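Step one of this worksheet: look at the structure below.
The values are calculated or read from the model by the stated rules, or taken from the named source; none is laboratory data. Model, not experiment: these values are computed from the prediction. Here the Cβ positions follow ideal geometry from the backbone for every residue, glycine too, while neighbour counts run over all protein chains shown.
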Amino acid sequence: MTAAIAVEGLNKSFGGRRVVRDFSIEVGEGRITGFLGPNGSGKTTTLRMLCGLLTPDSGHGTALGYDILTESDEIKRRTGYMTQRFSLYEDLTVEENLQFAARIHELDRRAERVEAALEQLGLAERRRQLAGTLSGGWKQRLALAVATLHEPSLLLLDEPTAGVDPQARRDFWDEIHALAAKGLTVLVSTHYMDEAERCHDIAYIAYGKLLARGTAEEVIGAARLSTWRGEGPGIDRLSHDLLKDPAVEMAAPFGLALHVSGSDAAALDRALAPYRRPPFRWTPTEPTLEDVFIHLMSGVEDNFR
Ligand code: ADP
């Protein structure tokens with residue numbers, strides 16, 4: 001694997017509060033890595049340090065082969081950054097937004113590149129529409145076109161699909177995979193589990209610590225959770241009682257069912273024994289990514305206190 005990013009021991013504090021702690025990661029070229037974790041856990045700060053937008057207090061490493069401390073201009077030039085708020089000029093047309101980005105990046109063959117981007121993302125028919133009047137999904141497409149116009153090698157997406165409908169999100173992800181297949185390395189922060197599953201790799205961060213890393217299967221496997229799915233009328237009301245037993249590390253409703261997890265399979269079995277009676281039915285199940293994230297989160301909350 002060629003590493004697009006390799007950093008070690010990154011730390012960052014704001015106002016004496018450490019928001020990123022000893023963060024190390026390697027990301028392969030052309031991989032799509034999803035950054036997940038609760039709000040305020042340092043995802044955005046981490047992403048910004050990885051592309052040279054923010055200097056860490058300590059730590060070192062490279063992105064795209066350049067030193068994140070001393071060559072951040074080189075990294076920035078080769079990075080596309082798309083934020084949640086789309087960063088578009090709402091009172092410029094679709095075409096003008098692209099032309100503006102072309103000028104900012106001092107690109108050659110501007111007209112040609114703008115035309116290609118309009119075609120590629122299906123925006124040609126809307127070229128004269130004001131960006132501010134586009135729907136959420138079209139704004140997002142345009143924002144992606146703007147962020148990738150200068151053909152970056154690294155793309156940072158900060159909660160790119162917040163507030164966008166499911167079909168537009170699927171189209172967006174197809175586009176991201178097409179870009180990655182051409183070698184673009186993508187780092188994306190997200191809150192959506194279905195998006196996490198669409199990433200090649202996942203990094204789960206809580207309170208500034210990297211708690212899990214790998215493919216979805218690896219992250220699920222490494223958690224070594226034993227999980228049961230309970231069904232039956234009123235099962236959702238059991239979670240409170242179940243959580244009193246230390247063997248039950250997580251009890252969370254999934255639709256009409258209840259997912260119950262713990263690391264000690266035998267102890268979990270004993271905890272569930274009193275509830276193995278009608279009208280309840282229990283079946284062992286594979287933990288989902290969400291089960292694992294809830295589990296990781298509960299563990300770190302305890303450590304934090
Ligand atoms: P996330 O992306 O996981 O929601 P952030 O990296 O945005 O987390 O923020 C982590 C913490 O750092 C938050 O508590 C946030 O308020 C704080 N923070 C982020 N940027 C700054 C800044 N420039 N100055 C002061 N505090 C900041």
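Give region 35-46 a look and list any residue that's within 16 Å of residue 161 (Cβ to Cβ) and part of a helix (DSSP H, G or I), or say none.
Answer for region 35-46, where residues must be within 16 Å of residue 161 (Cβ to Cβ) and part of a helix (DSSP H, G or I): 43, 44.
Could you identify the single residue in 80, 42, 34, 9 that is in contact with a His (Cβ under 8 Å, 6 or more places away or on another chain), of a type in the set (Gly, Ala, Ser) and in contact (Cβ under 8 Å) with a residue 60 or more places away in the chain? Give the steps one after another, and end with the answer.
Numbers: 42 fails: in contact with a His (Cβ under 8 Å, 6 or more places away or on another chain); 34 fails: in contact with a His (Cβ under 8 Å, 6 or more places away or on another chain); 9 fails: in contact (Cβ under 8 Å) with a residue 60 or more places away in the chain.
Of the residues listed, the single one that is in contact with a His (Cβ under 8 Å, 6 or more places away or on another chain), of a type in the set (Gly, Ala, Ser) and in contact (Cβ under 8 Å) with a residue 60 or more places away in the chain is 80.
Look at residue 265 and say whether it is within 17 Å of residue 284 (Cα to Cα) and either among the hydrophobic types (A, V, I, L, M, F, W, C) or not assigned by TED's automatic domain parsing to the domain that holds residue 41 (or both). First the steps, then the outcome.
Details: within 17 Å of residue 284 (Cα to Cα): yes; either among the hydrophobic types (A, V, I, L, M, F, W, C) or not assigned by TED's automatic domain parsing to the domain that holds residue 41 (or both): yes.
In short, yes.
Looking at region 155-206 only, could you name the residues that are touching a residue at least 60 places away in the same chain (Cβ under 8 Å) and small (Gly, Ala, Ser)?
162, 180, 181, 183, 189, 196, 203, 206
Take residue 213 and tell me if it is part of a helix (DSSP H, G or I) and more than 10 Å from the chain's Cα centre (by Cα).
Numbers: part of a helix (DSSP H, G or I): no; more than 10 Å from the chain's Cα centre (by Cα): yes.
Against the criterion (part of a helix (DSSP H, G or I) and more than 10 Å from the chain's Cα centre (by Cα)), residue 213 does not qualify.
Hey, among 18, 113, 48, which residue is more than 22 Å from residue 191 (Cα to Cα), within 16 Å of the ligand (Cβ to nearest atom) and charged (D, E, K, R)? It would help to see each step written out before you state the result.
Values: 113 fails: within 16 Å of the ligand (Cβ to nearest atom); 48 fails: more than 22 Å from residue 191 (Cα to Cα).
The unique qualifying residue is 18.
Go through 88, 107, 53 for me and flag whichever is away from the ligand (no atom under 16 Å from the Cβ), under 26 Å from the mean Cα position of the chain (by Cα), modelled with pLDDT under 95 and part of a loop (DSSP other than H, G, I, E, B). Walk me through it before giving the result.
Working: 107 fails: under 26 Å from the mean Cα position of the chain (by Cα); 53 fails: away from the ligand (no atom under 16 Å from the Cβ).
Within the list 88, 107, 53, the selection yields 88.
For residue 290, work out the one condition from (1) more than 27 Å from residue 205 (Cα to Cα); (2) of a type in the set (D, E, K, R); (3) in contact (Cβ under 8 Å) with a residue 40 or more places away in the chain it doesn't fulfil.
Checking residue 290 against (1) more than 27 Å from residue 205 (Cα to Cα); (2) of a type in the set (D, E, K, R); (3) in contact (Cβ under 8 Å) with a residue 40 or more places away in the chain, the one that fails is (1).
One residue is enough: does region 200-220 have a residue meeting the conditions of a type in the set (A, V, I, L, M), under 21 Å from residue 51 (Cβ atoms) and in contact with an Asp or Glu (Cβ under 9 Å, 6 or more places away or on another chain)? Full working, then the answer.
Quick first cut of region 200-220, residues of a type in the set (A, V, I, L, M) only: 202-203, 205-206, 210-212, 216, 219-220.
If we keep only those that are under 21 Å from residue 51 (Cβ atoms) too, we end up with 202-203, 205, 210.
Then keep just the ones that are in contact with an Asp or Glu (Cβ under 9 Å, 6 or more places away or on another chain); that gives 202, 210.
Scanning region 200-220 turns up at least one residue that is of a type in the set (A, V, I, L, M), under 21 Å from residue 51 (Cβ atoms) and in contact with an Asp or Glu (Cβ under 9 Å, 6 or more places away or on another chain).
Going by the conditions given, is residue 93 in the same structural domain as residue 44 (by TED's automatic domain parsing) and surrounded by 17 or more Cβ atoms within 10 Å (Cβ to Cβ)?
Details: in the same structural domain as residue 44 (by TED's automatic domain parsing): yes; surrounded by 17 or more Cβ atoms within 10 Å (Cβ to Cβ): yes.
In short, yes.
Residue by residue through region 242-255, note down the ones that are more than 21 Å from residue 293 (Cβ to Cβ) and touching a strand residue (DSSP E or B) at 6+ places or on another chain (Cβ under 9 Å).
To start, the set of residues in region 242-255 that are more than 21 Å from residue 293 (Cβ to Cβ) comprises 244-245.
Within region 242-255, just 245 meets the criteria.
Taking region 174-203, which residues are more than 12 Å from the chain's Cα centre (by Cα) and either of a type in the set (Phe, Trp, Tyr) or closer than 15 Å to residue 47 by Cβ (or both)?
Initial filter on region 174-203 (more than 12 Å from the chain's Cα centre (by Cα)): 174-185.
Within region 174-203, just 185 meets the criteria.
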